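Written out below as structure tokens is the structure these notes cover.
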Amino acid sequence: MKKVYMCFGTDVIHNGHIEILRKAAELGEVTVGVLTDEVMASYKRYPIINLEQRLQIIESIKYVSKVIVQEELDYTNNLRKVKPDYVVHGDDWRTGYQASIRSKVIDILKEWDGELVEFPYTEDNNIKCLENTMRERLSMPEFRRARLRKLLKMNRTIRVLEVHSGITGLIAENTKLEKDGKINEFDAMWLSSLCDSTVKGKPDIELVDMSSRLKTIEEILEVTTKPIILDGDTGGLVEHFNFNIRTLERMGVSAIIIEDKEGLKKNSLFGTEVHQDQASIESFCEKIRVGKAALKTKEFMLIARIESLILEKGMEDALARAQAYVNAGADGIMIHSRKKEPDEIFAFCDAFRLQNKQTPIIVVPTTFNKVYEEELYNHGINIVIYANQLIRSAFPAMQNTARVILENERAYEVDKLCMPVKEILTLIKER
Ligand code: SPV
Ligand code: MG
């Protein structure tokens, strides 16, 4: 009996899959490698049903003899274990980001004269509808809200991109690229106060109020499925905070980060160049307790942001606050710095991790931006937020276009700087 290997990265088994499995079974005994939730999340979308359930479903299909777990998009390890005579796949992976995975499969199969067999991929409308239905479910509050906690269990850096509108939401949702056999994409979105204010032409001083922030969130929720982390500034008055946090939870936001400042808050990257007051440990802990008590689910996360390094209050103060905020119920700690080097961030994380292995640490490497995600991970950091790069890159591009039009007194010269009209017309799908 010949051995056949297939990999399954889906949680919706449809007639197309059954058809290809039937053909595979005609070639020999079929082993299916089922992708882990982690790989699924990084390759297509977060799975609606988990690995155990998917293993059970696929195992019960009559054309399948055996299921094993495939821990990477790259087939190499499983292929060397199984040594199949045939790998079966739809022919849809010849182009796009799976093309390099395919070439590698062909190379590995040469080691024992195995063969890649490709069947025409059936893309019918029913299948498209099914996939759309799944995506819609992922965008619903009950699915989306819990996803940040689920991602945190995956033991890797969670990569978060700043968004401030529907269109930036789509960029965070859809931008992905293949690198070293893996798909790189953003896991979640950060609704920055700086960018949400800047895009409205306002300073970052809690002037853009919660109603306006909620409207922006709604706009983003409508066109995306990924989890949202809201930059909640100081959280405002305790008496308002308990209402606002519940609204966010109900909408399907996954987390709010509040910073330990009081009075007129200014942006942290000003540091001590402007007057800003840090809240007392007691009053900030009270805000955390009130916020946590208002929540209805265990899914929503309240993350406490420590401004001690920004305000030059020292490492000891930062560490004492971290401990106090966790004891008050904070589900994560964001430590911020505006130094060019990550040394003080690393010192904080190393010391914090000596006492606390569990609580997620969040950082915003805007100034210490030479540091790679892997290095942050090695210091126990769980979430990395790219907090303002979309608006900072969009602004100079738009300003330059405006200048070039003024310079030439016509728009011909800016055309090469712009997306073609045809593309902007079809950028947003009507369905
Ligand atoms: C934001 O993006 O609004 C932040 C991060 O709060 S920072 O601008 O660095 O303070
Ligand atoms: Mg902010």
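Assorted remarks:
- In the chain, a dipole from Cβ-located charges (positive for Lys and Arg, negative for Asp and Glu) runs towards its positive end, and of VAL39, ILE171, SER65 it is SER65 whose Cα lies farthest in that direction.
- With contacts taken as Cα pairs under 8 Å at a separation of at least 6 residues, the stretch 140-387 carries a relative contact order of 20 percent.
- In terms of distances greater than 24 angstrom between alpha carbons, the cross-link table entries LYS200/LYS340; LYS2/LYS110; LYS292/LYS339 yield LYS200/LYS340; LYS292/LYS339.
- Tensor-based shape of the stretch 1-130 (alpha-carbon gyration tensor, a/c under 1.5 rounded, otherwise prolate or oblate): rounded
- Taken per residue, the accessible surface of the stretch 1-127 reaches 49 Å², heavy atoms only and a 1.4 Å probe.
- Across the chain, the mean sequence separation of Cα contacts (distance under 8 Å, 6 or more residues apart), normalised by length, yields a relative contact order of 12 percent.
- Structural descriptor for the stretch 172-263: relative contact order 27 percent, calculated from alpha carbon pairs under 8 angstrom and at least 6 residues apart.
- Dividing the Cα radius of gyration of the chain by 2.2 N^0.38 Å, with N the residue count, gives 1.11.
- Gain in span if fully extended, ASN408 to SER280, counting 0.36 nm per residue against the direct Cα distance: 40.5 nm
- Whole-percent carbon and sulfur share, accessible surface of the stretch 140-387, 1.4 Å: 54 percent
- Helix axis angle, 281-294 relative to the chain longest principal axis, alpha carbon, degrees: 50 degrees
- Helical content of the chain, expressed as a calculated mean residue ellipticity at 222 nm, amounts to -13000 deg cm²/dmol (DSSP H runs of 4 or more residues, -39,500 (n - 2.57) each, divided by residue number, nearest 500).
- Based on protein heavy atoms only, the stretch 140-387 ends up with 43 Å² per residue of surface accessible to a 1.4 Å probe.
- Highest GNM mean-square fluctuation among LEU148, LEU390, LEU177, for the chain modelled with Cα contacts below 10 Å: LEU177.
- Tilt relative to the chain, helix 99-109 - C-alpha long axis, 0 to 90 degrees, to 10: 50 degrees
- With a threshold of 19 Å on the Cα-Cα distance, the over-threshold entries among LYS153/LYS370; LYS261/LYS357; LYS265/LYS313; LYS3/LYS66 are LYS153/LYS370; LYS261/LYS357.
- Base-10 log of normalised Debye intensity for the stretch 71-154 (one unit scatterer per alpha-carbon) at q = 0.16, 0.26 Å⁻¹: -0.84, -1.15
- At R0 = 30 Å, FRET efficiency that the Cβ-Cβ distance of LYS2 and SER60 yields, to 0.05: 0.85
- Using the Cβ-Cβ distance between ARG135 and ASN15 with R0 = 22 Å, the FRET efficiency computed as 1/(1 + (r/R0)^6) comes to roughly 0.65.
- Reduced Cα scattering model of the stretch 19-80, Debye log10 I(q)/I(0), q = 0.16, 0.29 Å⁻¹: -0.55, -1.20
- Rounded to the nearest angstrom and listed largest first, the equivalent-ellipsoid semi-axes of the stretch 140-387 from its Cα gyration tensor are 24, 22, 18.
The values are calculated or read from the model by the stated rules, or taken from the named source; none is laboratory data. No experiment lies behind these values; they were computed from the predicted model shown. Cβ sites come from the backbone with ideal geometry, for glycine too, and all protein chains shown count toward neighbours. SASA here: full protein model, heavy atoms, side chains in, ligands and nucleic acids out. Shrake-Rupley method; radii C 1.70, N 1.55, O 1.52, S 1.80 Å.
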